[in-house]
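Enquirer: I have a structure here, written as C-alpha cells, and I will follow up with some questions on it.
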Amino acid sequence: MSKEELQNGLNPQQREALLHTDGPLLVLAGAGSGKTRVITHKYALLTKEEKVSPSSIFTVTFTNKAANEMKERISSLISDDLKGCWIGTFHSQCNRILRSDITALGYRSEFVIYDESDRHSLIRHILRELKIYEALYKGVASRISSLKASMVTPEEFLSSGDGFGFDEKLAKVYIRFQDELRRCNALDFDDLIMLTVRLFQEHPDVLQKYREKFAYILVDEFQDTNRAQYQLVKFLASGHGNIFAVGDDDQSIYRFRGAEVKNILNFEKDFPGVKVIKLEQNYRSTQNILDVSGSIISKNPKRNVKTLWTDRGRGEKVFFYWLPVEEDEAKYVVRTIKDIYLKGVYNYRDMAVLYRINLQSRVIEEALRREGIPYRVVGGMSFYERKEVKDIIAYLRLCVNHHDNVSLRRIINTPHRGIGSATLNKIEQESKRRGISLFEAIRRICKTKSSSQTVIDKLDVFLKLINGISGLKDSSASEAIKSVVELTSYAEELEEQRIQNLTELMISAEGSSIDEFLDRVSLVTRLDESMPDDSISLMTLHTAKGLEFPVVFIVGIEEGLIPYFKSADNEEEVHEERRLFYVGLTRAKDILCLTGARRRRIFSKRQEQEPSRFLKDIPREHCHWVEKAACKKVSGNGSKEKGFARNKAVVYAFPYKTGCRVRHPKWGIGVVRDCYGKGDDLKVCVNFPGVGIKRLALKFAHLERI
C-alpha cells in the first residue's frame, strides 16, 4: 500500500499519528478509538515508505492473541510474511534476546521457562522445606512477582530494611526461589524481563547492539507497563528516540501486577520533545454508553482528559436493575439474554456477563444451566494447564534440560512406577548435600548403590527412560510427544477425553522443533484461548480488557465488589477500581445492562449490600433505572443518604410470571418478559419470536396462557 492508501479511512488524529515518523510520539487512545489500526498502519508505512526492515522494528504488546492479530493485519497491508519480524509480547521478545545473549549473565542458553503452575509448585516445595505455612504460596508468588516487576533482586530486598514491605520469611523464600531457578537453569515470566534489563545494564555492548538493530520501538497498551518493561523500552529507545507508544491511562487496571499508570503520565518528561495526540472518536459504542462511562471515569484525578464521541448515534439507554437477592439478579440476566436471543438480532456469542471476582459466576452459571443456555467461563483453566498436557510437556522439558527439578518431581512417578515420597526425599537430600540436580542425584545413587536394590532398580528404569527420551532432541515436537506417550505407556489408563487432549497436543506441535514448541507453550496465557462458537462468555472485568461484545451485562455493582472491599481504604486503589469499572462499561457496543443485589452470598456468608458509590456519578437521562427493592444511596465517602431509590413497599400480584408462555391471536406464541402496572392499567411485555417485543394493555390483549 502507498502512503496515500494507508491514510484512507483514518480520521484526522489517526492520520497525524501515522505520518509522525521521527522522534517520540505518545498516542492517548480512548477505548474503541482504533488504536490497533494506527499501530498496524504505522508499521506498514515504516516498511513500505520509509524502507525500514521488519527486523528493525521492535513491536510489543501484552498478549499472544493481540500480537498474532497485529501480525495478520500488518501482513495483509504489506503483502509480506513478516519473516524475521520482532512483533510479540514483552515476554516473547525478551526470551528471544536472552536465548542469544543470556550467557553473559552466567546462564545457559537452553534455559526452560516456568509458567505460573511451575512457579507455584516450586514455591510450595520451598515453603515445605522452610516449614512455612504452604497455603500461603499464591500470596508469596504474587509478592515475588511484584518485586521482580519493580526490578528488586533478592539481595536488594534483603538489605532494604523496611523498604518494599520487607518481610524476613518472604526474603528467605525469594532467595531460595531464585537459587533454585538458577540451579535448574530455569526462568519464570518475570525473570525474562528483569534479566533482559539487567543484561542491558551490565553489558553496554549488548545494549548498543540492540539499539543499533532496532530503528523504531512500537509499544501497544503502554499504560499496562511495569517498571521493568518501561525500563526495557527506555533503554532501546534512548539512542534514536523513535518510540511510538499507544495507550490509555483510563484503562490502566493491572496495578496488582506491578503496572504503573505513572509511566504514561510521565512519558512527556522522560522523552523531551514528545508529540502527544489524542484519539477520541469511538468506533465501538453508542453515545449513551460513552456518556455513562465518561461520567464515571471523569471523577478520577490525575488523568489525561479525553472526551469520547461516536457517529453511531445515541442507541439504547443503559439499563440498571437493583434486585432483592443475587438469585433474582441471575434470573433477570438470563431472562434478558433469552429475550435478546429470541429476537434474532444477536447470537449467544455476542453477549458477555462480567463480574469483579470469580465467585460471582456461580449463580449465573446455575441460572444458565437451568435454561439450557450454552456458556463458557473465559480465563479458566488453559488447555496447556490440563494435567495430562503438563505431564507430557514436563517429559519434553526434562529431556532437553536434565537440571529441571520441577519437571522431574512432576513425572518421576507419573505414570505410577513405584517411586514414592521416601525415595524422593532421599534423592532431595543427596541433591542438597552435593549441590547437584535431582537427576544427577539419581545417577549418583544408582552408581554408588546407596539404596536398596529394589529402589535402585526402579530408579535405573527411570534413568533409562529419560535417557531414551533425550535421544529424541532432534526429532520434531510432534514426533517426540508421540514417542513419549508410547515409551511411558501414559495413555493406557486415561479416559477418552484426556487421550483426545494428547492428540490435540500432538497436532498443536506440528511443524515445530522441541525447543520452539516448549518456548511457545511456556509463553501461552489463559487470555490466549480461542473463543467458543456460540455461547455466552462469562469473565472477570480484568479478563474482559481488550475484548468487545454487542451486549454486555455487568453484575454486582455494589460496595465491596465495585469498588472491591480490599481497595476501600486506599485512594489510589479506588481510582484503579473506577478505571476497572470504566473498562467493563466500554466493552459494550450496543446494549449495556448493569445489575446489583441487596443481599448476596460472599465467601460463604449472606450479607446486606449497598449500591456502588460509582453509580451516583451516572447521569440518569442516559439510563433506564429500575429498582425492585428498597435501598439507600451511598455517597462518595461511603455515608448513607436517602433518595437513591424509591421504596417499593407495595407488592402487586401479577397474572403472568416472567418467563411463562402465552398465545396471542395475531402474533402467536410468545414469552412474557415483564408485567407491570395495577388494576385496569396492568400491562404485559411479551417477546414474540419473528415479531419482536410487544407491550400490551392486559385487558385488551386477549392472551391465552399455555
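The values are calculated or read from the model by the stated rules, or taken from the named source; none is laboratory data. Being a predicted model, the structure only gives us computed values, none of them experimental. Heads up, the Cβs are rebuilt from the backbone with ideal geometry, glycines too, and the neighbour counts pull from every protein chain shown. With ligands, DNA and RNA removed, areas are computed over all heavy atoms of the protein, side chains included. Shrake-Rupley method; radii C 1.70, N 1.55, O 1.52, S 1.80 Å.
Enquirer: List pairs: first residue in the range 325-349 and within 17 Å of residue 674 (Cβ to Cβ), second residue among the acidic types (Asp, Glu) and in a loop (DSSP other than H, G, I, E, B) anywhere in the structure, Cβ distance under 9 angstrom, at least six positions apart or on different chains.
Expert: 334/371; 335/371; 337/371; 338/371
Enquirer: Oh, and also: Residue check, residue 409 against (1) modelled with pLDDT under 95; (2) charged (D, E, K, R); (3) within 29 Å of the chain's Cα centre (by Cα), all met but one. Which one?
Expert: Residue 409 satisfies all of (1) modelled with pLDDT under 95; (2) charged (D, E, K, R); (3) within 29 Å of the chain's Cα centre (by Cα) except (1).
Enquirer: How many residues are at pLDDT below 85, of a type outside the set (D, E, K, R), more than 18 Å from residue 338 (Cβ to Cβ) and assigned to a loop (DSSP other than H, G, I, E, B) when one looks only at the range 660-706?
Expert: 2
Enquirer: Output the residues belonging to the range 476-490 that are open to solvent by less than 30 Å² (accessible area, probe 1.4 Å) and either of a type in the set (A, V, I, L, M, F, W, C) or in a loop (DSSP other than H, G, I, E, B) (or both).
Expert: 477, 480, 481, 484, 485
Enquirer: For the range 324-372, what are the residues that are within 22 Å of residue 565 (Cβ to Cβ) and either among the small types (Gly, Ala, Ser) or surrounded by fewer than 20 Cβ atoms within 10 Å (Cβ to Cβ) (or both)?
Expert: 324, 325, 327, 330, 357, 358, 359, 361, 362
Enquirer: Only one of 168, 202, 212 is under 29 Å from residue 431 (Cα atoms) and surrounded by fewer than 17 Cβ atoms within 10 Å (Cβ to Cβ); which? Let's see the steps before the verdict.
Expert: Details: 202 fails: under 29 Å from residue 431 (Cα atoms); 212 fails: under 29 Å from residue 431 (Cα atoms).
The unique qualifying residue is 168.
Enquirer: Shifting gears a bit: Cβ contacts < 8 Å: first residue modelled with pLDDT under 70, restricted to the range 523-538; second residue crowded, with 16+ Cβ neighbours inside 10 Å and in a strand (DSSP E or B), any location; separation 6+ or different chain. Result?
Expert: Pairs found: 531/376; 531/537; 532/376.
Enquirer: Please determine, by comparing only the residues of the range 562-582 that are surrounded by 23 or more Cβ atoms within 10 Å (Cβ to Cβ) and of a type in the set (A, V, I, L, M), which one is modelled with the highest pLDDT.
Expert: 580
Enquirer: Further question on the same structure: Is it the case that some residue within the range 413-427 is open to solvent by less than 20 Å² (accessible area, probe 1.4 Å) and either touching a strand residue (DSSP E or B) at 6+ places or on another chain (Cβ under 8 Å) or touching a residue at least 40 places away in the same chain (Cβ under 8 Å) (or both)?
Expert: Residues of the range 413-427 that are open to solvent by less than 20 Å² (accessible area, probe 1.4 Å), as a first pass: 419, 427.
Okay, now just the ones that are also either touching a strand residue (DSSP E or B) at 6+ places or on another chain (Cβ under 8 Å) or touching a residue at least 40 places away in the same chain (Cβ under 8 Å) (or both), so 419.
Within the range 413-427, one or more residues are open to solvent by less than 20 Å² (accessible area, probe 1.4 Å) and either touching a strand residue (DSSP E or B) at 6+ places or on another chain (Cβ under 8 Å) or touching a residue at least 40 places away in the same chain (Cβ under 8 Å) (or both).
Enquirer: Take the range 162-180 and flag every residue that is modelled with pLDDT of 95 or more and hydrophobic (A, V, I, L, M, F, W, C).
Expert: Listed by number, the residues that qualify are 173, 175, 177.
Enquirer: Here is a list: 124, 128. Which entry is open to solvent by 70 Å² or more (accessible area, probe 1.4 Å) and under 22 Å from residue 393 (Cβ atoms)? Write out each step before concluding.
Expert: Details: 128 fails: under 22 Å from residue 393 (Cβ atoms).
Residue meeting the stated conditions: 124.
Enquirer: Still on this structure, I have one more. Residues being among the hydrophobic types (A, V, I, L, M, F, W, C), open to solvent by 30 Å² or more (accessible area, probe 1.4 Å) and out of contact with any Leu (no Cβ under 7 Å at 6 or more places or on another chain): count how many of those fall in the range 145-165. So that I can check it myself, show each step before the final result.
Expert: Kept after step one, since they are among the hydrophobic types (A, V, I, L, M, F, W, C), are these residues of the range 145-165: 147, 149, 151-152, 157-158, 164.
Pick out the ones that are also open to solvent by 30 Å² or more (accessible area, probe 1.4 Å) and you get 151, 158, 164.
Next, only the ones that are out of contact with any Leu (no Cβ under 7 Å at 6 or more places or on another chain) stay: 151, 158.
Qualifying residue count for the region: 2.
Enquirer: Now, a different point. Restricting to the range 661-681, give me the number of residues that are touching a residue at least 24 places away in the same chain (Cβ under 8 Å) and open to solvent by less than 30 Å² (accessible area, probe 1.4 Å).
Expert: 3
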